[in-house]
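**Student:** One structure is given below, represented as structure tokens, and several questions about it will come after.
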Amino acid sequence: MSFLRRRSAPTPAGPDFDVLAMDPGDWPGVLGAGLLPAPDGTCQGVILRYDLFGGRGPAMVIGNLPEGSPAREVADGEMPFEVLHLLEALELEDEVRSTGVEEIPVMHEDSLLIVRRVLCSEGRVSCVQFDRSDNVLVTIASWDRPITDDLYRLLKPLPAELFQQ
């Protein structure tokens, strides 16, 4: 799968992996990005926020977390980091818990993704996760919009220039 490649830049400006997301030009809202730094300066992940609500909060958060990132550690019944980030950005204080996980096969171009749908106690939250071939965990959390198979066709690596300062 072409979008599962590693970047080969000698000194990456951000993470040392491609960030799987929707190109900002393909999205009608506002894109915000943040890096999760570790104490040693390494990148522990990239979080992208897509705002469709005209500045009133994000509609979707996409996380790319490499192997070993503390943000990947989720206790039983807890929600992934990206869902918590989405709820915090929307200023929702209600407790949201995971009520289960379903695995769903999804075709992406010529390859098969095994997508884990994280079931939530809050019906307006949709959350899916899948692993890239470079062991980066991709999590998509959406507010008040279901995540359909069509979304996966929009996913591609973002250019490294987006992460340069």
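**Student:** Could you please give the count of residues in the stretch 103-137 that are touching a strand residue (DSSP E or B) at 6+ places or on another chain (Cβ under 7 Å) and hydroxyl-bearing (Ser, Thr, Tyr)? Even if it seems obvious, please write down each step before you answer.
**Tutor:** As a first pass, look at the stretch 103-137 and keep what is touching a strand residue (DSSP E or B) at 6+ places or on another chain (Cβ under 7 Å): 103-106, 112-121, 124-132, 136-137.
Remaining after also requiring hydroxyl-bearing (Ser, Thr, Tyr): 121, 126.
The qualifying residues number 2.
**Student:** Moving on. What single numbered condition from (1) without any contact (Cβ under 8 Å) to a residue 60 or more places away in the chain; (2) among the basic types (Lys, Arg); (3) under 25 Å from Ala38 (Cα atoms) fails to hold for Arg124?
**Tutor:** (3)
**Student:** Please give the number of the condition Ala89 fails out of (1) closer than 20 Å to Asp149 by Cβ; (2) within 17 Å of the chain's Cα centre (by Cα); (3) among the small types (Gly, Ala, Ser).
**Tutor:** (1)
**Student:** Also, quick follow-up: I need the full set of residues from the stretch 89-107 which are farther than 16 Å from Gln129 by Cβ and part of a strand (DSSP E or B), in order please.
**Tutor:** Met107
**Student:** Can you pull out every residue in the stretch 82-103 that is in contact with a Gly (Cβ under 6 Å, 6 or more places away or on another chain), within 26 Å of Cys43 (Cα to Cα) and at pLDDT 90 or above?
**Tutor:** Glu82 - this is the single residue of the stretch 82-103 that is in contact with a Gly (Cβ under 6 Å, 6 or more places away or on another chain), within 26 Å of Cys43 (Cα to Cα) and at pLDDT 90 or above.
**Student:** Return the pair list, or none, for Cβ contacts closer than 9 Å from residues in the stretch 132-158 that are within 18 Å of Ser111 (Cα to Cα) to residues that are assigned to a loop (DSSP other than H, G, I, E, B) and among the β-branched types (Val, Ile, Thr), at least 6 apart or on different chains.
**Tutor:** Val136/Val19; Pro157/Val19
**Student:** If you go through the stretch 107-129, how many residues are in contact with a Leu (Cβ under 7 Å, 6 or more places away or on another chain) and surrounded by fewer than 16 Cβ atoms within 10 Å (Cβ to Cβ)?
**Tutor:** Residues meeting the conditions: 0.
The values are calculated or read from the model by the stated rules, or taken from the named source; none is laboratory data. For clarity, every value in this text was computed on a predicted model and none was experimentally measured. Using ideal geometry, Cβ is built from the backbone for each residue, glycine included, and neighbour counts are taken over all protein chains shown.
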